[in-house]
């Protein structure tokens with residue numbers, strides 16, 4: 001068979017046969033072993049090999065059978081058009097419809113096998129685009145550019161996932177926690193993460209980045225530093241002004257993936273899959289298809305401890321399937337110094353602490369029902385200031401005047417305690433419940449001791465007024 005232009009179906013078949021012969025052609029594997037592993041006869045394999053050496057790839061294409069009957073060209077186009085409709089009809093349905101048309105047009109009626117061969121001869125890429133749309137075609141055939149960093153801390157990815165495990169919140173209620181992970185693109189190491197009970201938020205993202213950037217107390221977890229690029233999707237916390245400001249201050253280039261295009265986030269999704277398949281099934285409260293396999297028993301702190309142990313002791317130490325090196329070894333490389341912020345206070349000021357405006361009163365600064373004092377504030381009574389606070393601990397606030405740091409004001413009533421914003425909100429709700437209970441008690445007394453006034457007799461319904469069609473205005 002001479003070298004000819006192959007149809008898409010012939011090209012697919014030729015490539016399939018070539019892949020069967022490839023171990024013999026490129027690796028020197030005996031042809032008998034290749035035939036046995038491919039599930040074909042040795043004579044067939046030798047015939048394919050002879051055709052390939054004589055005619056190249058076209059020699060492996062299936063030669064179409066020649067029959068005495070030919071299908072009318074317009075009927076072929078009709079069969080192909082029906083096969084490309086959505087939803088795709090069965091071969092039997094196509095055969096019935098084209099047989100009716102052929103009989104009406106006095107054309108030779110095609111057999112079922114002919115219709116089947118025509119449909120099978122269509123380009124698979126064309127069928128995918130017609131039946132699955134642009135998204136399905138893109139996921140299977142579109143050329144993908146895999147962005148890969150060539151050094152540690154060159155690019156980090158960040159994303160959230162809802163874990164398939166139940167933990168107990170402070171009230172003892174089982175809830176599903178959210179995990180935010182920062183992943184180094186080059187080494188696949190995890191510099192930082194955070195576990196929260198609420199939906200993904202700017203605070204959870206900031207806590208994960210804080211842990212990722214700053215040095216850890218554990219020497220077996222050396223990953224730290226400021227990345228050059230932070231790659232994220234279009235979550236509300238990833239496109240927030242807060243994260244943009246952090247990226248600008250730390251000289252980080254913030255890049256967002258294309259909307260509805262998950263291909264660029266495959267590395268961090270693979271890490272989530274590793275957690276789901278290896279760590280979570282070993283934990284109490286693991287969920288299988290939404291149902292708990294065992295009773296939940298872990299708190300968020302317990303889950304954080306187990307998560308950290310898995311990342312440091314197992315995930316970081318074993319060779320990665322794609323890189324061939326362990327994330328720990330690949331991140332260390334040949335020795336290098338990551339870029340770090342000046343101090344942890346400066347990092348907290350950027351990432352964790354939230355800014356808001358207040359007025360300095362004679363008795364201090366009022367915020368969230370607390371009062372904050374510092375001797376420096378005596379010179380700024382009735383002046384507007386900016387305060388920054390950590391939502392996890394609001395017993396102290398940092399005060400700025402025209403972007404100049406003044407002091408750290410303390411709440412005198414709680415100077416020896418750590419109070420979070422959640423504690424304040426819980427106390428507010430409890431206070432409102434107490435007030436509502438008192439209101440209910442007093443209203444109940446009124447109902448018990450005072451007779452309910454008799455309802456006035458029902459008045460005769462007034463005849464409906466005819467609405468004027470004349471538009472009037474208040475100024476008239």
Query raised in the report: So how many residues does region 178-210 have that are part of a loop (DSSP other than H, G, I, E, B), touching a strand residue (DSSP E or B) at 6+ places or on another chain (Cβ under 7 Å) and buried (at least 19 other Cβ atoms within 10 Å of the Cβ)?
Result: 4
Report summary line: Inside region 357-407, the number of residues satisfying the requirement of being farther than 25 Å from residue 207 by Cα and touching a residue at least 40 places away in the same chain (Cβ under 8 Å) is 4
**Report entry** Residue count, region 321-347 (criterion: closer than 28 Å to residue 405 by Cα and in contact with a strand residue (DSSP E or B) (Cβ under 7 Å, 6 or more places away or on another chain))
**Finding:** 0
Query raised in the report: Hey, among the residues in region 265-292 that are assigned to a loop (DSSP other than H, G, I, E, B) and within 21 Å of the chain's Cα centre (by Cα), which one's farthest from residue 195 (Cα to Cα)?
Result: 289
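May I ask you to verify whether residue 342 is at pLDDT 90 or above and part of a loop (DSSP other than H, G, I, E, B)?
Working: at pLDDT 90 or above: no; part of a loop (DSSP other than H, G, I, E, B): yes.
Taking the combined requirement at face value, the residue does not satisfy it.
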Query raised in the report: Is it the case that region 70-80 has a residue that's touching a helix residue (DSSP H, G or I) at 6+ places or on another chain (Cβ under 6 Å) and at pLDDT 90 or above?
Result: no
Requested in this report: Return the total of residues in region 293-322 being under 23 Å from the mean Cα position of the chain (by Cα), surrounded by 12 or more Cβ atoms within 10 Å (Cβ to Cβ) and not in a helix (DSSP H, G or I).
Outcome: 2
Query - Residue count, region 254-304 (criterion: at pLDDT 90 or above and more than 21 Å from residue 177 (Cα to Cα)) - result: 0
Report task. Please determine, by comparing only the residues of region 215-240 that are more than 16 Å from residue 186 (Cβ to Cβ) and more than 20 Å from the chain's Cα centre (by Cα), which one is surrounded by the fewest Cβ atoms within 10 Å (Cβ to Cβ). Result -> 217
**Report entry** Residue among 148, 134 that is at pLDDT below 80 and within 30 Å of residue 187 (Cβ to Cβ)
**Finding:** 148
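The values are calculated or read from the model by the stated rules, or taken from the named source; none is laboratory data. In this text, all values refer to a predicted model and were calculated from it rather than measured experimentally. Note that each Cβ is placed from the backbone with ideal geometry, even for glycine, and that neighbours are counted across all protein chains shown.
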